[in-house]
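A quick write-up on the structure given underneath.
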Amino acid sequence: MSNNSPDNSSIHDILSDCADRAAGEGILLSEALDRIGPHAFCFAAILLAVPFIQPVPLGPLTMICGATFVALGWQMARGRNSPALPKSAGGLRIHGYFWVGVVGFTKRILSFCQRFTRVRLSHWVEGKRGRRLVGGLILVGGALLAMPMANLPLNNFFPALMIFFAALAWIERDGLMVILSLAWGGLTILYFAAVGAALWFFGAKAVDWMMPAATAAFSEK
């Protein structure tokens with residue numbers, strides 16, 4: 001493991017403690033990140049991205065987490081050593097069965113990813129340039145996640161994968177994950193463009209269909 005991030009055992013120990021605390025009295029997100037220290041940006045990004053890696057939009061949580069990703073990405077790109085979160089996100093309590101499941105799934109997915117990630121193309125994820133790149137990807141992913149796109153399925157899925165792979169790239173020093181993050185970002189933009197075009201097309205058709213009836217109704221008056 002690189003000096004970019006904590007070792008695998010510490011990540012799993014922290015996740016195990018979060019799961020235990022979530023099953024009990026809970027733990028504030030800000031408190032969990034304070035324990036991790038300067039490596040908290042990507043750890044937090046992965047933890048918060050995991051609930052969105054499924055097709056169903058999560059309502060108000062999307063906006064809170066979207067703003068958090070933007071804040072995390074901006075601060076990481078600017079070279080901060082530890083994150084300062086919006087109050088609404090920092091006060092988010094990791095508590096209850098939902099978060100126990102999220103933390104458990106995060107542990108499993110990190111263990112799975114470590115089977116195929118390795119140090120490669122490390123110039124993408126080293127030094128200030130790598131920090132700015134990964135932070136920028138997390139920021140853009142957060143902005144895309146927070147975009148209101150008719151609350152359709154997969155709205156959150158694609159940007160969450162963009163964020164997840166960007167954070168994974170930094171943790172594992174794997175530049176290939178940066179390329180995957182960029183690919184998911186491109187797919188997100190294509191999906192949103194297709195949804196926007198479809199809404200515009202069918203909206204225009206609806207207006208064309210309604211206009212004659214509306215004109216006739218006003219003419220009778």
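Just so it is clear, none of the values below were taken in a lab; they were calculated from the coordinates. Just so we're clear, the structure is a prediction, and the values are computed from it rather than from any experiment. FYI the Cβ positions are ideal-geometry reconstructions off the backbone, even for glycines, and counts take in every protein chain you see.
Ranked from largest, the principal axis spans of the Cα set of the stretch 130-185 equal 36, 17, 15 Å. Residues 12, 123, ranked from the fewest to the most other C-beta atoms within 10 Å, line up as 123, 12.
Using a simple spin-label model with pseudo-atoms 7 Å out from Cα toward Cβ, residue 197 and residue 25 lie 5.5 nm apart. For residue 121, the residues whose modelled amide H falls within less than 5 Å of its own, excluding neighbours fewer than 5 places apart on the same chain, are 175. Per-residue 3J(HN,Hα) values for the stretch 115-128, derived from phi via the Karplus relation 6.51 cos²θ - 1.76 cosθ + 1.60 with θ = phi - 60°, read 6, 10, 8, 7, 6, 7, 6, 5, 5, 6, 10, 10, x, 5 Hz in sequence order (x marks Gly and Pro). Ordered by the number of other Cβ atoms lying within 10 Å of each residue's own Cβ, fewest first, 74, 99, 200 fall into the sequence 200, 74, 99. Work out the FRET efficiency for residue 183 and residue 74 from their Cβ-Cβ distance, taking R0 = 25 Å, and round it to the nearest 0.05. Given R0 = 25 Å and the Cβ-Cβ separation, E is 0.65.
Packing around the peptides 155-166, 184-195, 42-53, 124-135, taken as the average count of other Cβ atoms within 10 Å per residue, puts them in this order, highest first: 155-166, 42-53, 124-135, 184-195. A viscosity of 1.567 mPa s and a temperature of 4 °C, combined with the Kirkwood radius over Cα pairs in Stokes-Einstein, give a translational diffusion coefficient for the stretch 8-195 of 80 µm²/s. Working note: Karplus 6.51/-1.76/1.60 with θ = phi - 60° gives the stretch 65-74 the couplings 6, x, 5, 5, 4, 4, 5, 4, x, 4 Hz, where Gly and Pro are set to x. In this structure the amide hydrogen of residue 28, modeled in the peptide plane, comes within under 5 Å of the amide hydrogens of 94, none closer than 5 places in sequence on its chain.
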